[in-house]
Amino acid sequence: MLSFLLRRVGSLIFVVWGVGFATFFISQVVPTDPAAAALGNNARPAQIAAYREKRGLDKPAWQQYLLYMQSLAKGDLGKSLRTQRPILNDLKDFFPATFELTLGAMLFALLFGVPAGILAAVKQDRPVDLGVRTLALIGGATPVYWLAILALLLFHSKLGWLPGPGRLDAFLLAPQRVTGILTLDALLARDWEVLYDALRHLLLPAAVLGAFSTALVARMVRSAMLEVLSQDFVRTAKAKGLPEGKVVLKHALRNAALPVLTVLGSLLGGLLTGAVLTETIFSWPGLGSYATASATALDFPAVMGVTLVAGLAYSLINLLVDVLYAVFDPRIAYS
Amino acid sequence: MSATTPMTTSPRIKNKALRRFLRNPGTVLGSILTILLVAVALLAPVIAGDPLLQNLAERLKPPSAQHLLGTDQLGRDVWARVVHGSRISLRIGLTVTGIALVLGGLLGLLAGMLGGLVDEIAMRITDIFFAFPALILAMAIAGALGPSLVNLMIAVAAVSWPYYARLIRAQVLSLKSLDFVDASRALGASRWRQALRHVLPNAITPLLVQASFDVGGAILTAAGLGFIGFGAQPPTPEWGAVVSETRSFIIEAPWASSAPAVAILLTVLAFNLLGDGLRDVLDPRGRRRG
């Protein structure tokens with residue numbers, strides 16, 4: 001297990017390095033001059049040259065890369081060309097919002113996807129199954145931004161049940177920042193009014209972002225359950241006269257949970273992608289909004305920072321999934 | 001998977017496969033939708049007018065006999081924009097999947113056949129691309145090269161190919177040690193002859209299933225990039241871009257942004273259903289799990 005862990009951590013470091021290197025490579029083939037982009041149309045050539053020198057943009061690519069790696073080793077991601085702030089500070093500001101949104105979406109997906117998948121498997125080929133499968137198909141094909149627009153239109157504009165874009169109502173004071181995760185900070189500050197409002201703001205974007213994953217989870221759980229339900233030990237359990245519900249939830253679900261666990265990693269990758277679009281519509285101040293603004297402004301140091309963090313998060317989750325897999329399934333021995 | 005045994009092409013089996021394909025209502029729906037989509041794309045100039053023609057006197061008009069899906073904020077015919085958009089989306093889906101299939105397929109074939117260091121390097125590269133947040137990578141590429149349709153396709157292809165590399169490598173590894181490949185080796189076939197003549201044709205089935213899903217996936221991703229402004233630029237009627245430019249009029253003219261969005265939904269749905277059906281027919285192991 002230890003050597004497995006060491007190998008996995010080694011490959012994690014390699015992958016994160018590769019993600020950074022690839023982004024750096026892209027930034028080098030940009031036909032547009034980032035200095036000119038940062039200074040705007042009215043900048044004089046001398047200003048641009050001075051800016052390039054100050055930022056090391058005049059050096060050859062390999063020197064720029066070495067400098068970048070040097071500062072990276074010190075935990076310095078550089079300065080954003082757009083916000084003029086250290087990128088690490090920017091990421092610290094924007095990451096918690098995305099984390100909260102993604103976690104909310106994941107919870108939503110599990111809360112609805114797992115029961116739907118179980119129900120569909122138990123009632124295979126019945127109307128319920130057909131309904132779940134149809135919904136899952138539609139959920140997997142709907143553009144998330146359109147769903148977001150429709151959801152806002154219905155629940156905010158027409159019915160007025162839920163608040164519009166943003167994380168908090170304008171007249172409420174955000175609690176003191178501890179984690180940056182608004183709901184958690186409100187909880188820590190015991191500010192129930194803010195907590196309630198933050199949860200109400202979170203509900204719609206999380207549900208919209210989670211819709212695609214819900215479809216995926218439902219499909220996965222259904223097929224994993226069908227596989228398990230046809231096995232001998234389930235038939236034995238039924239033959240012993242155990243009630244159906246007990247067999248499904250105790251015997252079958254436990255064994256179907258493992259294959260579902262493996263997709264959680266790739267699910268997160270999909271959620272990060274969806275977050276870019278969802279955040280745009282809900283004016284959610286997260287990494288997705290930050291990445292979009294940075295890429296539009298050709299702010300490559302910032303884009304690089306986002307991809308590094310996202311790559312790291314993705315790799316860590318997958319590592320966690322692998323370890324959990326080994327813990328839960330004693331048949332798997334990592335050597 | 002079916003590909004672990006050499007393909008049988010007797011007419012009886014083929015008919016059975018066809019029957020299985022047609023028995024599934026989802027597959028039939030997917031096929032019909034796909035055929036319709038292709039027909040609409042091919043016939044676009046015949047069945048719809050100019051997608052760029054503006055008429056400010058006719059702006060935000062609801063659907064009527066003259067404008068089947070109404071008009072947008074510049075008085076353009078929404079039907080014409082959606083119909084012409086199908087050409088763009090279909091081209092994106094097919095081109096991107098084609099590039100990804102060839103690029104990933106070749107790398108996977110190389111990795112699987114050669115093994116050793118080549119395999120190790122190729123798989124670590126795919127690891128890196130899997131860890132990349134797809135849309136952000138595509139945004140970075142589209143941002144770097146400048147927003148345009150071609151660059152959009154390059155960007156989406158860049159995030160799609162690793163799946164094929166993994167898929168075909170796994171296929172090659174399981175096929176490589178089978179008797180019929182061994183036999184060809186014993187008969188003196190070169191490594192390339194083994195790969196192209198014996199391994200590749202049998203590894204292609206799951207690749208085709210994946211490709212069918214990916215045409216839809218590529219269209220969805222490309223439309224997402226178009227929506228946030230990294231794809232085709234106005235006034236090109238790319239579906240994602242059209243949803244974006246009409247979204248502020250959703251209350252006065254819901255048809256203007258809903259029509260292209262529904263078009264995306266139906267297109268992606270069509271290719272997903274088709275993929276499901278192909279898997280049912282071609283991949284007996286996947287069938288049981290539905």
Given the options A:Gly241, A:Gly245, name the one that is out of contact with any Cys (no Cβ under 6 Å at 6 or more places or on another chain), of a type in the set (Gly, Ala, Ser), away from chain B (no Cβ under 14 Å) and in a helix (DSSP H, G or I).
A:Gly245
Enumeration of residues in region A:293-315 that are assigned to a helix (DSSP H, G or I), more than 7 Å from chain B (Cβ to nearest Cβ) and touching a residue at least 60 places away in the same chain (Cβ under 8 Å):
A:Ala293, A:Ser294, A:Phe300, A:Pro301, A:Ala302, A:Met304, A:Gly305, A:Leu308, A:Val309, A:Leu312
The condition from (1) in a helix (DSSP H, G or I); (2) in contact with a Phe, Trp or Tyr (Cβ under 8 Å, 6 or more places away or on another chain); (3) of a type in the set (A, V, I, L, M) that A:Leu57 misses is numbered (1)
With the structure loaded, tell me whether A:Thr179 is within 22 Å of the chain's Cα centre (by Cα), among the polar types (S, T, N, Q) and part of a helix (DSSP H, G or I) or whether it fails that test.
no
Qualifying positions in region A:4-49 - more than 10 Å from every other protein chain (Cβ to nearest Cβ), closer than 30 Å to A:Asn318 by Cα and at pLDDT below 80
A:Phe4
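Out of all the residues in region B:247-273, which are farther than 14 Å from B:Pro62 by Cβ, more than 9 Å from every other protein chain (Cβ to nearest Cβ) and surrounded by 22 or more Cβ atoms within 10 Å (Cβ to Cβ)? Can you show your working first?
Kept after step one, since they are farther than 14 Å from B:Pro62 by Cβ, are these residues of region B:247-273: B:247-248, B:260-273.
Next, from what is left, pick out any that are more than 9 Å from every other protein chain (Cβ to nearest Cβ): B:248, B:263.
B:Ala263, the sole residue that qualifies.
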If I filter region A:175-194 for residues that are crowded, with 19+ Cβ neighbours inside 10 Å and of a type in the set (Gly, Ala, Ser), do I get at least one hit?
yes
Could you check A:Pro259 against (1) of a type outside the set (Lys, Arg); (2) in a helix (DSSP H, G or I); (3) closer than 30 Å to A:Met69 by Cα and say which number it fails?
(3)
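Can you name the residue in region B:126-143 that is touching a residue at least 24 places away in the same chain (Cβ under 8 Å) and over 13 Å from A:Leu271 (Cα atoms) and is also nearest to the chain's Cα centre (by Cα) among such residues? Can you show your working first?
Here is the first cut: in region B:126-143, the residues touching a residue at least 24 places away in the same chain (Cβ under 8 Å) are B:126, B:129-130, B:132, B:134-135, B:138-139, B:142-143.
With over 13 Å from A:Leu271 (Cα atoms) added as a condition, the list becomes B:126, B:129-130, B:138-139, B:142-143.
On the way: B:Thr126: 19, B:Phe129: 18, B:Phe130: 18, B:Ala138: 16, B:Met139: 19, B:Ala142: 19, B:Gly143: 22 Å.
Among them, the one singled out is B:Ala138.
Does region A:276-288 include one or more residues that are within 27 Å of A:Leu147 (Cα to Cα), surrounded by fewer than 20 Cβ atoms within 10 Å (Cβ to Cβ), more than 9 Å from chain B (Cβ to nearest Cβ) and polar (S, T, N, Q)?
Residues of region A:276-288 within 27 Å of A:Leu147 (Cα to Cα): A:276-288.
Now narrow it down to the ones that are surrounded by fewer than 20 Cβ atoms within 10 Å (Cβ to Cβ): A:283, A:285.
Next, from what is left, pick out any that are more than 9 Å from chain B (Cβ to nearest Cβ): A:283, A:285.
Now drop any that are not polar (S, T, N, Q), which leaves A:283.
Yes, because at least one residue in region A:276-288 is within 27 Å of A:Leu147 (Cα to Cα), surrounded by fewer than 20 Cβ atoms within 10 Å (Cβ to Cβ), more than 9 Å from chain B (Cβ to nearest Cβ) and polar (S, T, N, Q).
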Pairing a residue in region B:216-232 that is more than 22 Å from A:Ser283 (Cα to Cα) and more than 9 Å from chain A (Cβ to nearest Cβ) with any residue that is surrounded by fewer than 24 Cβ atoms within 10 Å (Cβ to Cβ) and modelled with pLDDT under 90, where Cβ atoms lie under 6 Å and the two sit 6 or more apart in sequence or on different chains, gives B:Ala232/B:Leu149
Mind counting the residues in region B:59-86 that are without any contact (Cβ under 8 Å) to a residue 60 or more places away in the chain and surrounded by fewer than 16 Cβ atoms within 10 Å (Cβ to Cβ)?
3
Please go through region B:114-146 and give me each residue that is among the aliphatic types (A, V, I, L, M), modelled with pLDDT of 85 or more and out of contact with any Pro (no Cβ under 9 Å at 6 or more places or on another chain), ordered by number.
B:Leu114, B:Leu117, B:Val118, B:Ile121, B:Ala122, B:Met123
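The values are calculated or read from the model by the stated rules, or taken from the named source; none is laboratory data. Predicted model, so just to flag it, every value in this text is computed and none were measured. Note that we place each Cβ from the backbone using ideal geometry, even for glycine, and neighbour counts take in every protein chain shown.
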